[in-house]
Amino acid sequence: MAYTSDPSGFPEPVDLSHHLSWSTAARTASSVKKFYKYFSIPGIAQLAGGLPNDKYFPYDTLEAKVALPNRWKPTPNKPVDPPTTDSGATTCKHKDEPDASRLVVPHDAGVKDPSRLIDLKSALQYGQAQGYPSLYYFLRQFTRNNLHPVIPYKDGPEIILTCGNTDGFSKTIQALSNEWSAGHDPVDERPGLLVEKYCYMNAVQTAQPRGLNIVPVEIDDEGMTAKGPGGLEDVLENWDFSRGRRPHLMYTVTIGQNPTSGTLSVARRKEIYALAVKYDIVIVEDDPYWYLQFPSASSNALAPKPAKSSGFEFLDSLIPSYLSIDFQGRVVRLDTFSKTAAPGCRLGWITAQPALVERLLRITESSTQQPSGFVQSMVAELLMGPQSSTDPGRGGAADGSGWKVDGWVRWLEGLRGNYERRMNSMCDILDAGKELVKAGRRNSLSKVTDGEDEWSVVEKTKMYDFVRPLGGMFIWVRFDFSSHPLKKQVPAPRLSQALWVFWTQKPYLCLVSPGSIFSPSEQIRIEDSFNCFRLCFAACPAEELEDISKRFVDGAQAFWRIKDKKKIDELLEEDGGITIEEQTGNMERAMGSLMGMC
């Protein structure tokens, strides 16, 4: 369907109620919480609820020392020079500006308007499931006006705050799929979830206990493919109904895909969205890395000029969300503060069509109720600051006001700059060391030469390869174990397992994520995943990043020099002698918290 940027011509979002689970469709509004909006009426005597007295809260204020929004140096939105590898520790602040600001959330801000109120009196009280009103209104406006200024369905989207994207996804799956149990429910009722061939496994582990059929879709360097063998069209058009219902849900990470770091172009998004319309699919877009798009690694051809400016060059330079082409309202977008503030905040938000958000609101009322009041008030004060001259709070700006939208965008731009420099630094070292170089003299060559000249032969063996990430926090490295000297004596999966152990030993001491823990199906795990490893360049201390990267390369080079099968056997014995299958299961459990929580 063709559409314009004129909101008056936008269609109504499609009715997705036929996708609602039975329990979600049956939910009604909380009989108590629907009264909360009346509690804020000035002068009203509150005798109805079971709220504790705010004077008895043991917290008088919340205080923190917070960064100024320009702490980190950005990188160009359209770079023309080769990528820089400096540490990015420098800032753009003036000499007179402090390194940080003192943030204060007061007990009572004295502000009457609940949409602007930020204090402990309100934040630590029972609140609305939609989110702390002041933060909710800020994020709603930021989402609609700046992040996604054109969402082509009538009246645009609604948002609801979550306890991070894992919570948001869990509620979305609960809303849009019924639980299914083998041996109890008919096979033709089994729901399915489309995912990338390699994917964020916490999402899979959220869906599997509900009985969902996990359906991998082929990927390339961008991410999910629309056409070709194993692509989305192939999977849907040739669906085997003996496996259950044709999937109506898709989970996808489109920017800096976890774990492969793929970044999906707008052209590919349009192809996939057209298939979603044809086959009635709801796209759940998990985008914790959206702000971490790296221009130095791309031609900038992936991000077209926006139909409507966000008001910020940085945001305009980013590849837009699926929401930008969602004329039917079938996209559920998950956003989070985990990568832009801190994972421990456990704070994020969902953007979707209003009818679906209303159902998610009903789920929230009887589950998490709302994100932490402590966290919401701190983030709200950071961004918005005090709302009147008598408000005793202090925001995140140097003068005590809030960061506001422009400060928040500047913070995001600086974060992108630091992560981009880290990515380039690690990739440069990996690229330089991906081949094992051997030099030596061959006597046979002296027969065809004149005199006593010495001849040296240089042999290069490529051990691994990777694609420089266009976004995110990860580098997906694919090894070629067929080039290892012991390829005929040791199966590739066994070599892969031994290499993983080898890296953990001195002097290399590198812990990487094996591809097996991102495999959504047993077939992918057995047939291919052993070739792959995921490296995260985000958490390494800046001063150790290069050394750690070199240790990874040195470990791979040393492993490729092993010619005695006994050494491989010894490495695997040191790993406890467990099988590859056992190793994968143990690793999934042990590394679950290190996989990049959303």
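The values are calculated or read from the model by the stated rules, or taken from the named source; none is laboratory data. Keep in mind the model is a prediction, meaning the values are calculated, not measured. For neighbour counting, all protein chains shown are included, and Cβ atoms are generated from backbone atoms with ideal geometry for every residue, glycine included. Protein only, heavy atoms only, side chains kept; ligands, DNA and RNA dropped before computing areas. Shrake-Rupley method; radii C 1.70, N 1.55, O 1.52, S 1.80 Å.
Phi angles across region 213-226 convert, under the Karplus curve 6.51 cos²θ - 1.76 cosθ + 1.60 with θ = phi - 60°, into 3J(HN,Hα) values of 7, 7, 10, x, 10, 4, 10, 10, 5, 7, x, 4, 9, 8 Hz, Gly and Pro given as x. Place a point 7 Å from the Cα of Ser309 along the Cα-to-Cβ direction; which residues of region 141-163 have their backbone N under 20 Å from it? Output list for this probe position: 142-151.
Considering only beta bridges that DSSP places wholly inside region 250-371, some 35 percent are antiparallel.
As a ratio to 2.2 N^0.38 Å, the alpha-carbon radius of gyration computed for region 232-286 takes the value 1.21. Residue by residue, region 144-158 carries 3J(HN,Hα) couplings of 7, 8, 10, 5, 9, x, 10, 10, x, 10, 4, 6, x, x, 10 Hz when phi is fed to the Karplus relation 6.51 cos²θ - 1.76 cosθ + 1.60 (θ = phi - 60°); x denotes Gly or Pro.
The ratio of the alpha-carbon radius of gyration of region 511-573 to the globular-protein estimate 2.2 N^0.38 Å is 1.38.
Measuring from centroid to centroid over Cα atoms, what is the spacing of region 345-424 and region 183-243 in Å? About 33 Å separates the Cα centre of region 345-424 from the one of region 183-243. For region 350-432, the fraction of alpha-carbon pairs lying more than 19 Å apart is 64 percent, rounded to a whole number. Amide H contacts for Ile160 (H built 1.01 Å from N in the peptide plane; partners 5 or more residues away or on another chain; cut-off under 5 Å): Ile350. Taking 1.002 mPa s as the viscosity and 20 °C as the temperature, the Stokes-Einstein diffusion coefficient of region 257-356 based on its alpha-carbon Kirkwood radius rounds to 144 µm²/s.
Pairs Lys197/Lys462; Lys171/Lys308; Lys308/Lys339; Lys78/Lys305; Lys197/Lys565; Lys460/Lys487: which are spaced more than 23 Å apart, C-alpha to C-alpha? Long pairs (Cα-Cα over 23 Å): Lys197/Lys462; Lys171/Lys308; Lys308/Lys339; Lys197/Lys565.
Counting only protein heavy atoms, what percent of the accessible surface of the chain is carbon or sulfur at a 1.4 Å probe? Taking all protein chains in place, the chain shows 52 percent carbon and sulfur surface.
Karplus-based coupling profile of region 335-340, in residue order and whole Hz: 10, 8, 8, 4, 9, 9, with θ = phi - 60° in 6.51 cos²θ - 1.76 cosθ + 1.60 and x standing for Gly or Pro.
At the residue level, Ser521 shows approximately 30 square angstrom of accessible surface with a 1.4 angstrom probe and all protein chains present. Take the Cβ atoms of Asp280 and Asp465, set R0 to 35 Å, and the FRET efficiency comes out at 0.35. Secondary structure note: in the chain, about 70% of the DSSP beta bridges are antiparallel. Using C-alpha pairs below 8 Å separated by at least 6 residues, the relative contact order for region 131-287 is 20 percent.
For the chain, the relative contact order is 19 percent, taking Cα pairs closer than 8 Å that sit 6 or more residues apart in sequence and dividing their mean separation by the residue count. Take the Cβ atoms of Arg102 and Leu51, set R0 to 30 Å, and the FRET efficiency comes out at 0.50. Based on DSSP H segments of at least four residues, each scored -39500 (n - 2.57), the chain has a per-residue ellipticity at 222 nm of -8500 deg cm²/dmol.
One entry in [x] 159; [y] 280; [z] 208 is volume of the Cα convex hull per residue in Å³ calculated from the shown coordinates; its label is [z].
When +1 charges are put on Lys and Arg Cβ atoms and -1 charges on Asp and Glu Cβ atoms, the dipole computed for the chain relative to its Cα centre reaches about 500 debye.
Projected label points at Gln208 and Gln369, each 7 Å from Cα along the beta carbon direction, are separated by 3.3 nanometres.
Stretched out straight at 0.36 nm per residue, the stretch from Ser17 to Asp406 would grow longer than its current Cα-Cα span by 136.3 nm.
Distance between the 7 Å Cα→Cβ label points at Phe241 and Val458: 6.2 nm. Relative to the compact-globule estimate of 2.2 N^0.38 Å, the Cα radius of gyration of region 142-211 comes out at 1.45. The fraction of Cα-Cα pairs per 5 angstrom bin, counted from 0 for region 391-441, comes to 4, 15, 13, 11, 11, 9, 8, 7, 6, 5, 4, 3, 2, 1, 1, 0 percent, rounded to whole percents. Working from label points 7 Å from Cα in the Cα-to-Cβ sense, the Glu570 to Ala29 distance is 7.2 nm.
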